1. Run the 1.4 Å probe and let me know the accessible area of THR84, rounded to the nearest 10 Å².
2. At most 15 other Cβ atoms within 10 Å and a DSSP loop assignment: could you name the trypsin sites (Lys or Arg not before Pro) in the stretch 52-151 that fit?
3. Just to be sure I understand: of the beta bridges DSSP finds with both ends in the stretch 177-231, what percent are antiparallel, rounded to 5?
4. So, with +1 on the Cβ of K and R and -1 on the Cβ of D and E, and no other charges, what is the size of the charge dipole of the chain about its Cα centre, to the nearest 20 debye?
5. How far, in nm, would the chain grow between ILE33 and GLN225 when pulled straight, counting 0.36 nm per residue and subtracting the alpha carbon separation?
6. Of SER118, ILE220, ASN87, which is farthest towards the positive pole of the stretch 80-225's charge dipole, taken about the Cα centre with +1 and -1 on the beta-carbons of Lys, Arg and Asp, Glu respectively?
7. Can you put MET221, MET1 in order of accessible area, largest first, using a 1.4 Å probe?
8. So how much slack lies between THR133 and THR208, counting 0.36 nm per residue of separation and subtracting their Cα-Cα distance, in nm?
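The values are calculated or read from the model by the stated rules, or taken from the named source; none is laboratory data. Source: prediction; values computed, not measured. Cβ atoms come from the backbone with ideal geometry, glycine included; neighbour counts cover every protein chain shown. The area values use the complete protein model at the heavy-atom level, side chains included, leaving out ligands, DNA and RNA. Shrake-Rupley method; radii C 1.70, N 1.55, O 1.52, S 1.80 Å.
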Amino acid sequence: MLQAIAQLLILQNTDQRLREVTQALLQLPQEKITCEKALQDADQKLQSIRSRQQELEREIKKNEGDILAKQSQIARYRTQQMETRKNEEYAAFNHEIALGEKAITMLEEQQLELMEKSDLLQPEIERAQEVHTIEHKRVNAILGTFDGRSENLLVRQRELHNARPSLTLDIEEDVLDRYERLFKSKNGIAVAAIEHGVCTGCHMQMTTQTILSAKAEKEIMACSQCGRFLYTEED
Ligand SMILES: [Zn+2]
């Protein structure tokens, strides 16, 4: 292999790792936001089912009050009925009392339905609480790794960054310039192998002449399609 290509490959390997580390560092804040959102979602789901339960409890309490109010109203009617001497008024109280009792029957039926709903909700709440606990545990475990991961990535980034200058020392300036432009514009691959007659950077079929020149290892070759530096390890 040409010395220049070998040096470029070592540099490219370092630059690719540097790029990965830098991207991983950039993704950390977004990952953190995703985690926090997951925690909020879990809280909201549990809160929503608890609110439904509270709403049912309020309705049950209100019904209870309504039933008691009707009962004491009926009791008052009965007292007043005992005190009247007029037949029409007596009959009118009977009517009111019957209406009140009918209303109580309806309220009691409603009450049973509400209590049944509340009972059915109970296992759902327990499940929601379990899911909530599991989700919090899962997400907090991920969040717990952030500081360590961030620290490791920063150390790695510094190491790669510090190692880089010594890798460029023996590379000709114009070659290095071209390499750096290619690395940026060609998605982190500036030096590509020819495999089975194809540039592995752009998958273009190379001419026999290009392949032979690459094999001859007399000068640095570039792909006529993508411009990447080429080398071949095939016979
Ligand atoms: Zn190419």
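1. 30 Å²
2. Details: sites: ARG52, ARG58, LYS61, LYS62, LYS70, ARG76, ARG78, ARG85, LYS86, LYS102, LYS117, ARG127, LYS137, ARG138, ARG149; in loops: ARG85, LYS86.
Taking the stretch 52-151 and a limit of 15 other Cβ atoms within 10 Å, the loop trypsin sites (Lys or Arg not before Pro) found are ARG85, LYS86.
3. Beta bridges within the stretch 177-231, antiparallel portion: roughly 60 percent.
4. On the way: 31 positive and 40 negative charges, 79 e Å.
For this selection, approximately 380 debye.
5. Details: separation 192, 0.36 × 192 = 69.12 nm, distance 4.14 nm.
Here the answer is 65.0 nm.
6. Farthest towards the positive pole: ILE220.
7. These residues rank, largest area first, as MET1, MET221.
8. Details: separation 75, 0.36 × 75 = 27.00 nm, distance 6.43 nm.
Taking 0.36 nm per residue and subtracting the Cα distance, the gain is 20.6 nm.
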